[in-house]
1. ³J(HN,Hα) across region A:336-346 via Karplus (A = 6.51, B = -1.76, C = 1.60, θ = phi - 60°), whole Hz, x for Gly/Pro?
2. In nm, what is the difference between 0.36 nm times the number of residues separating B:TYR52 and B:ARG154 and their Cα-Cα distance?
3. If contacts are Cα pairs under 8 angstrom and at least 6 residues apart, what is the relative contact order of chain A in percent?
4. Report ³J(HN,Hα) in whole Hz for each residue of region A:326-332, in order, from the Karplus equation J = 6.51 cos²θ - 1.76 cosθ + 1.60 where θ = phi - 60°; Gly and Pro get x.
5. Show the residues, 5+ positions off or on another chain, whose built amide H is closer than 5 Å to the amide H of A:ARG192.
6. Just want to confirm a number: the relative contact order over region B:114-188, from Cα pairs under 8 angstrom separated by 6+ residues, in percent.
7. How well do other chains shield peptide A:405-418, expressed as the mean number of their Cβ atoms within 10 Å of each residue Cβ?
8. Work through the residues other than A:PRO133 whose Cβ is under 15 Å from its Cβ and net out their charges, Lys, Arg +1 and Asp, Glu -1.
Amino acid sequence: MDSLNMLMEGFSSALTPMNLLWVLVGCLLGTAVGVLPGLGSSMAVALLLPITFALDPTAAFIMFAGVYFGGMFGDSTMAILMNTPGQASAIASTFEGHKMAKDGRAPQALATAAIGAFIGGMVASVLVVFLAPALADFSANFGPAEFFALALFAFVATSSVVSDSAVKGLAALVIGLGIATVGIDPFSGAERFSFGAPEMFDGISLITVTVAILALGEVFHIASRIRRDRTDQRIRSAGRPFLSRAEIKEAAPAWARGTAIGLPFGVIPAGGSEIPTFISYDVERRIDRRRRNPKFGKGAIRGLAAPEAAGNATTGTAMGALLALGLPVSATAAIMLAAFQQYGLQPGPLLFDRSPDLVWALLASFFIAMVVLLIINLPFAGLWSKLLLIPAPYLYAGITVFCGLGVYATSGAVFDLLMLLGLGMVGFLMRRHGMPLAPLMIGVVLGPLAETSMRDALLSSNGDYSVFFDGPIPLVLYALLFIVLAFTVRSKVVNRTRQDV
Amino acid sequence: MSTPVPSSPDMAEQHPGEKAGLPDGQPPAGTSWWSGRSGLLLSLVMVAFSTYLLIGILTMEVGEDTDFPGPKFFPGILMVAGYVLAALLALHYVRSPEHPTETSAQRYRTFTDWSAVLWAAGGFLLFALTLEKLGWIIAAALLFWCVARGFGSRRPLFDVSFALLFSSAIYLAFAIGLGLNLPSGILGGGF
């Protein structure tokens with residue numbers, strides 16, 4: 001019951017007119033960026049990160065919540081209408097969703113997606129409200145060895161599970177961890193990798209890395225192909241965005257199954273909602289094959305409902321893991337963690353004790369964001385697609401200017417702009433050659449935690465490495481990591497053999 | 001506790017041609033050895049980064065009384081892992097080049113449209129170098145114009161006015177409205 005009381009207090013602080021306005025602004029901006037082709041929620045959060053520092057922490061995080069979920073809603077809207085998913089998590093929605101749209105059932109597809117995302121997100125948020133405090137209590141006894149195991153888990157799982165090549169994932173991770181070591185070493189005060197440049201004593205700013213890798217690199221990547229790729233046909237969306245009773249009955253079990261599949265993945269640092277969306281799509285397809293008249297391939301409503309619910313369920317519980325453990329499972333969550341750190345807040349066990357008002361207001365704003373998003377997405381999905389009328393040159397020129405604005409506004413130094421450009425080129429190369437970006441982001445954000453806990457553990461044990469296997473929690477984490485890796489290898493082998501058929 | 005490298009080589013082999021299951025494994029006829037191997041650039045980036053770490057570790061000044069593990073310990077692991085991964089990446093691209101699927105009707109020499117990328121990146125460089133002298137309005141308009149051109153806009157004169165309008169609007173909203181510190185530059189005297 002304690003959680004409920006705290007949540008009610010959270011609602012009362014989140015429901016002030018100003019904070020409601022930030023939720024609304026966040027949802028609108030998130031949806032707008034998500035709708036634009038090729039841009040996903042991580043881009044939205046990256047671009048807005050510098051600008052939100054003009055706000056107080058509570059308002060900023062409430063807005064972030066809106067942007068994060070809004071980006072996912074907008075993303076699936078475009079995945080359905082134009083077959084252009086902005087993030088990997090929307091790919092599974094394109095298969096059946098885009099077919100529904102081509103069939104002239106675009107409004108129904110959008111409604112299915114919006115309701116699915118709503119259900120998944122809501123269930124996840126409820127779960128987070130009740131479980132996150134317990135999780136935070138549990139992790140309060142974590143020592144250096146436990147935190148190191150947790151960070152290692154996140155590193156290996158993201159870099160090997162998400163990418164189709166483990167080498168590329170690990171390479172991205174090493175760059176991220178390396179970037180995080182630049183600056184003055186907190187233990188010894190030694191100057192690391194700054195080569196006397198005072199601009200680098202504090203390390204490379206997370207904002208610079210985030211904007212460079214997720215926003216500027218994307219702009220370069222799109223520039224590299226935009227004059228050559230053919231344009232997709234557009235699909236008109238008109239008509240009633242409401243589902244008939246039969247359609248709801250058809251989609252309901254898929255929504256439920258998708259949510260159930262998505263929930264646990266938020267806590268597993270396996271790169272966010274990409275994997276659960278594909279798993280739930282696959283589950284629905286298998287179930288569909290056993291039915292009398294299979295609908296998959298012809299625009300099956302279930303093939304869209306399940307991944308949408310799964311994706312948002314994962315996003316929801318991922319926020320719980322972020323708050324309670326300080327563990328980001330996706331690039332977007334990593335940026336949120338960076339934002340917390342910029343405000344001097346460290347997500348994790350102590351956050352619930354130290355700033356309960358912020359945590360509960362943020363949790364309450366998840367619910368508000370879900371409702372707001374359902375309202376602005378269900379009836380107005382057609383309007384959102386009007387954003388596509390902005391000519392691409394002006395759209396991306398504007399985004400580039402915003403990248404420069406954000407970084408210059410927070411650092412006030414030309415040095416950071418040059419760093420932004422350099423890292424942006426690295427981000428472009430990574431995209432061009434299929435190197436995943438999430439491991440780099442997670443490496444940059446969790447790198448300091450991994451290094452400090454590793455050195456803390458070794459210092460206290462006088463250099464004895466067995467300290468990392470001391471105690472049940474690290475051992476359980478390593479065992480889990482092993483299972484995740486075994487599953488990854490297995491599913492990769494299975495996929496490979498299936499493709500040959 | 002080993003670094004997570006050992007699990008990787010066997011996975012790298014599963015990669016070629018896996019992307020979206022498209023038949024993109026075949027090289028277009030009459031291309032050089034380098035075709036499909038531009039991914040070696042990634043390897044180069046890794047080598048450069050590891051070397052940066054190596055030089056940093058070698059030149060780092062650490063106090064005498066620092067206990068193990070000192071400030072060089074963690075970066076040292078990363079450096080070694082970086083070199084190993086660079087070698088594995090190089091091996092991967094040498095053994096199995098990745099040919100992206102060309103979706104446009106025409107065939108180009110490079111998959112990447114470098115002129116577009118250079119317009120965007122060059123515009124950004126110009127922006128970074130001139131921002132504090134020319135001021136936000138002019139530098140940002142320049143950036144906007146260059147990127148728009150790189151993305152294929154073919155109305156340079158209209159773009160100039162639109163870019164100036166855009167950068168001025170941002171200046172009004174963020175520098176005057178929200179109080180962000182944007183340089184006014186050569187236009188600054190009047191305001």
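1. Once rounded to whole Hz, the list reads 4, 4, 4, 5, 4, 5, 5, 8, x, 9, 10.
2. Difference between extended and current length: 32.6 nm.
3. 28 percent
4. Taking θ as phi minus 60°, the curve returns x, 10, x, 9, 9, 4, 5 Hz for region A:326-332.
5. Result for A:ARG192 returns A:GLY183, A:ILE184, A:ASP185.
6. 40 percent
7. What the average comes to for A:405-418 is 4.
8. -4
Rule-based calculations on the coordinates, nothing more; no lab input. Owing to the predicted nature of the structure, the values given are computational and were not obtained by experimental measurement. Every residue, glycine as well, gets a Cβ built from its backbone with ideal geometry; the counts of neighbours run over all protein chains shown.
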